[in-house]
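The values are calculated or read from the model by the stated rules, or taken from the named source; none is laboratory data. This one's a predicted model, so the numbers in the text were calculated from it and none came from an experiment. Neighbour counts run over all protein chains shown; Cβ positions are idealised from the backbone, glycine included. Side chains are part of the model used for accessible areas, which takes the heavy atoms of the whole protein and leaves out ligands, DNA and RNA. Shrake-Rupley method; radii C 1.70, N 1.55, O 1.52, S 1.80 Å.
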Amino acid sequence: MRTLFRTTLCIFLFLSIISLPMTSSSEGNPAEGYHDYDAMTTALKQLASRNPQIAKLKSIGKTLKGRDIWMMQISGTKGLSPLEKQALLICGNLEGDFVIGSEVALGIAEYLVDGYGKDEKVTKALDTRTFYIMPRLNPDGAELFFGDLLQEHAGNLKPRDEDYDWQIDEDGPEDLNGDGMITLMRVKDKEGDWFIDEKDSRLMKKKEAGTPVAKLYKIYPEGIDNDGDELYNEDGLGGFNINRNFPHNFGYKPKGLGVYPVSEVETQSIIDFFTRYVPEFKKQPHKNICGVLLFSKFDNLAAGTGIESGTPTFPEPPRVAQSAGMPRMMFFMGRRGGQPAQQQPRPTDPQLKKTNAQDTPLFENVSKNYKEITGIKSAVSEKPAGSMLEWAYFQYGVPTFSANLWSLREEEKAPAAKMKRDVQTGSTQSKPAQAGTARTGTMDRQAMMRQFMQRSSPTATPTQSSGNEDKWLKWIDEKNNGEGFVAWTKFDHKQLGEVEIGGFVPHVRTNPKADQIPELSKSHAEFALYLTSQFAEIVLDEPEVKKLGSDLYELKVKIHNKGKFPYATAMGQRTGHINSIMLRMKFEDDDKMKLFGGAKRMDTPTLEAGAEKEFKWLIISPAGKKIDVTVWAQNGGGTSKKTVVLK
């Protein structure tokens, strides 16, 4: 009997453990308290089942690993249908390792569903607005956060030949010292580009003129050269960062074959959600999106206002050094007859890179309110390239905002940090050097590819004091109990000899501890409610009729925008994605009623916040006839209809 009891108890405990909704493991695990894919799926399904009248869960696509990209639609039971209400789209976890974004997006969904019918602001918002929430746009990449081996990986998991050697993912990092994480290796090398910071030996500084060669180091991601090409970990986990894969300002450093705008299924799924025509609805059902809120490593709320794109870069082919004995190929461009070729001007990039000046006040006002609502006064952000932030504003045309939820914060007295670094070029953090030096004279294919890949970005970035690493160390020392940096320790590397392994603990600078999730979720839920309260609200006033003579009438109609946002941003007017405000008249009797000039339908591309517009018509008609006046404003509250009698 006792044996049976113990067996039953063990089974009960086992089932209890495997049904826990969140990851929970040993102390120091950054994923503790976060939801992995299965737990996130369960949480979303349970949330939808709590109030199925307002919450609908749908998959908008599947990843290469077969995981669903979940979208939850949340809208109240009153007012227009969910597809007719103005909508806010909220997306998180575009970068695979920025998992805090998915937790806060999930928290916002819970805040809305649980608050409906109880909280006045939530109830009012859901009865007039729709929320589309996609907590985890990169579920494959995010799963690495929950693995036994800690490593940072911003991309998805699509296999790719990243070093062009016809092999896939054959040279990834290894945990050489067995501490359960991938950090960095530093090794003394006279051809290195780094030296140890004299003020803090944990940091590496970029070499300067006059730096003694005896002090120089090379830095590599932790691991070995698996394929013998003198490069370290250059072809590890495949994939591409979803938040660098959008078709605006797209650029990339060498990441192998098959990289192009919208090359990833996750990117395709979100763009399809915006733009796909659905025969069932006989329209593009999600053109009701009036604003986008992203949780990503880019920030235009606390790190500045508006959107300023970075400079995209593309792989630069290696140049072959010409030896005296090599044949020389000459190409002449210009007129025939051997006349000197004229230098051609560099092509200009037609893509817009900065916020339209007319939209600047909108972004500035939202940023100001974000700081007040969330209490986050500053953040650090790179300039985006190929991001959803850029695409949704510059190409789709709606106000788009991104919050970096876990960032260095300036002191209260200091001004907010600006978007200071270019995501593709001009970064304050140079990339690790790679083994091997270019040969002079004829270069074989392997040497050419080595030189090519030396310009690439491997799986890790060196620690140095010229960027923010010194500030992160100060935060670790003063506010994180000294946890978050692995001390440099000597290790006998089978290929490099004596190296030191150390660096920042993976994810310490990307995701906060789980105890901060509730407050971040609450404050950003309140910010999301604020955003939806700012949407344009197009109102149709009562039509006015004035009799001018026998069977001649003047009809005057006025519309105005009661919202805080314009009906369409200046960028939205440029893209053409935002449907115009349409005002239309319908006569009771077309045979006896005639319009004296003009048209029964009038389109207005936008209406600024607080602005109004008046329309006048002359109508020839017998007295007593009716006219229906309808205004349709998809991004401004839907359809309004008034009926007037000519008298």
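How do the pairs read when you match residues in segment 197-226 that are of a type in the set (S, T, N, Q) with residues anywhere that are assigned to a loop (DSSP other than H, G, I, E, B), using Cβ under 7 Å and keeping only pairs 6 or more apart or on different chains?
Filtered contacts from segment 197-226: Asn226/Glu170.
With respect to Phe535, determine if the residue is of a type in the set (Phe, Trp, Tyr), under 43 Å from the mean Cα position of the chain (by Cα) and in a loop (DSSP other than H, G, I, E, B).
Values: of a type in the set (Phe, Trp, Tyr): yes; under 43 Å from the mean Cα position of the chain (by Cα): yes; in a loop (DSSP other than H, G, I, E, B): yes.
Here the answer is yes, as Phe535 does meet what is asked.
Do we have Glu614 as among the charged types (D, E, K, R) and either in a loop (DSSP other than H, G, I, E, B) or touching a residue at least 60 places away in the same chain (Cβ under 8 Å) (or both) here? Before the answer, list the steps.
Numbers: among the charged types (D, E, K, R): yes; either in a loop (DSSP other than H, G, I, E, B) or touching a residue at least 60 places away in the same chain (Cβ under 8 Å) (or both): no.
So Glu614 fails the test.
All but one of (1) modelled with pLDDT of 90 or more; (2) within 23 Å of Phe504 (Cβ to Cβ) hold for Gly236, so report the exception by its number.
Here Gly236 meets the rest and fails (1).
Every residue in segment 479-520 that is acidic (Asp, Glu), within 17 Å of Trp406 (Cβ to Cβ) and outside any loop (DSSP other than H, G, I, E, B), please. Let's see the steps before the verdict.
Step one: of segment 479-520, the residues acidic (Asp, Glu) are 483, 492, 498, 500, 515, 519.
From what's left, within 17 Å of Trp406 (Cβ to Cβ): 483, 515, 519.
Asp515, Glu519, listed by residue number.
If we keep just the residues of segment 203-213 that are open to solvent by 70 Å² or more (accessible area, probe 1.4 Å) and of a type in the set (A, V, I, L, M, F, W, C), which is nearest to His493 (Cα to Cα)?
Val213
Quick check on Phe565: is it in a loop (DSSP other than H, G, I, E, B) and closer than 30 Å to Asp272 by Cβ? Steps first, answer last, please.
Details: in a loop (DSSP other than H, G, I, E, B): yes; closer than 30 Å to Asp272 by Cβ: yes.
For Phe565, the condition - in a loop (DSSP other than H, G, I, E, B) and closer than 30 Å to Asp272 by Cβ - is met.
Take the residues in segment 539-572 that are modelled with pLDDT under 95 and out of contact with any strand residue (DSSP E or B) (no Cβ under 9 Å at 6 or more places or on another chain), then tell me which one is most open to solvent (accessible area, probe 1.4 Å).
Ser550
If I ask for residues that are in contact with a helix residue (DSSP H, G or I) (Cβ under 6 Å, 6 or more places away or on another chain) and either open to solvent by 50 Å² or more (accessible area, probe 1.4 Å) or assigned to a helix (DSSP H, G or I) (or both), which ones from segment 371-387 would you list?
So in segment 371-387, the residues in contact with a helix residue (DSSP H, G or I) (Cβ under 6 Å, 6 or more places away or on another chain) come out as 373-374, 377, 384, 386-387.
Selection gives Ile373, Thr374, Lys377.
Of all residues in segment 276-292, which are under 27 Å from Ser533 (Cβ atoms) and either small (Gly, Ala, Ser) or without any contact (Cβ under 8 Å) to a residue 12 or more places away in the chain (or both)?
Result: Lys283, Gln284, Gly291.
Taking only pairs six or more apart or across chains, which ones have beta-carbon atoms under 7 Å, a first residue in segment 587-610 that is touching a residue at least 24 places away in the same chain (Cβ under 8 Å) and part of a loop (DSSP other than H, G, I, E, B), and a second residue that is among the basic types (Lys, Arg) and open to solvent by 70 Å² or more (accessible area, probe 1.4 Å)?
Glu588/Lys626; Leu607/Lys613; Ala609/Lys564
Can you find even one residue in segment 259-279 that is surrounded by fewer than 24 Cβ atoms within 10 Å (Cβ to Cβ), out of contact with any Ser or Thr (no Cβ under 7 Å at 6 or more places or on another chain), part of a loop (DSSP other than H, G, I, E, B) and modelled with pLDDT under 80?
So far as segment 259-279 goes, yes, one or more of its residues are surrounded by fewer than 24 Cβ atoms within 10 Å (Cβ to Cβ), out of contact with any Ser or Thr (no Cβ under 7 Å at 6 or more places or on another chain), part of a loop (DSSP other than H, G, I, E, B) and modelled with pLDDT under 80.
Residues of segment 173-221 being of a type in the set (Ser, Thr, Tyr), part of a loop (DSSP other than H, G, I, E, B) and over 33 Å from the mean Cα position of the chain (by Cα), which ones?
Looking only at segment 173-221, we keep the residues that are of a type in the set (Ser, Thr, Tyr), and these are 183, 201, 211, 217, 220.
Subset that is part of a loop (DSSP other than H, G, I, E, B): 183, 201, 211.
Ser201, Thr211, listed by residue number.
Quick one: in segment 616-631, which of the residues that are crowded, with 18+ Cβ neighbours inside 10 Å and not hydroxyl-bearing (Ser, Thr, Tyr) is nearest to Gly549 (Cα to Cα)?
Narrowing segment 616-631 to residues crowded, with 18+ Cβ neighbours inside 10 Å: 617, 619, 621, 625, 627, 629, 631.
With the extra rule that they be not hydroxyl-bearing (Ser, Thr, Tyr), the set shrinks to 617, 619, 625, 627, 629, 631.
Working: Trp617: 14, Ile619: 11, Lys625: 15, Ile627: 18, Val629: 22, Val631: 28 Å.
Ranking the candidates gives Ile619 first.
Among the residues of segment 475-482, is there at least one that is of a type outside the set (Phe, Trp, Tyr), farther than 30 Å from Ala570 by Cα and in contact with a helix residue (DSSP H, G or I) (Cβ under 7 Å, 6 or more places away or on another chain)? Walk me through it before giving the result.
Narrowing segment 475-482 to residues of a type outside the set (Phe, Trp, Tyr): 476-482.
Going one step further and asking which of them are farther than 30 Å from Ala570 by Cα, we end up with 476-482.
So of that shortlist, the ones also in contact with a helix residue (DSSP H, G or I) (Cβ under 7 Å, 6 or more places away or on another chain) come out as 482.
Yes: one or more hits.
Of the residues that sit in segment 454-493 and are at pLDDT 85 or above and aliphatic (A, V, I, L, M), which one is farthest from Arg509 (Cα to Cα)?
Keep residues of segment 454-493 that are at pLDDT 85 or above, which gives 468-493.
From what's left, aliphatic (A, V, I, L, M): 473, 476, 486-487.
Numbers: Leu473: 10, Ile476: 10, Val486: 13, Ala487: 16 Å.
Among those that are at pLDDT 85 or above and aliphatic (A, V, I, L, M), it is Ala487.
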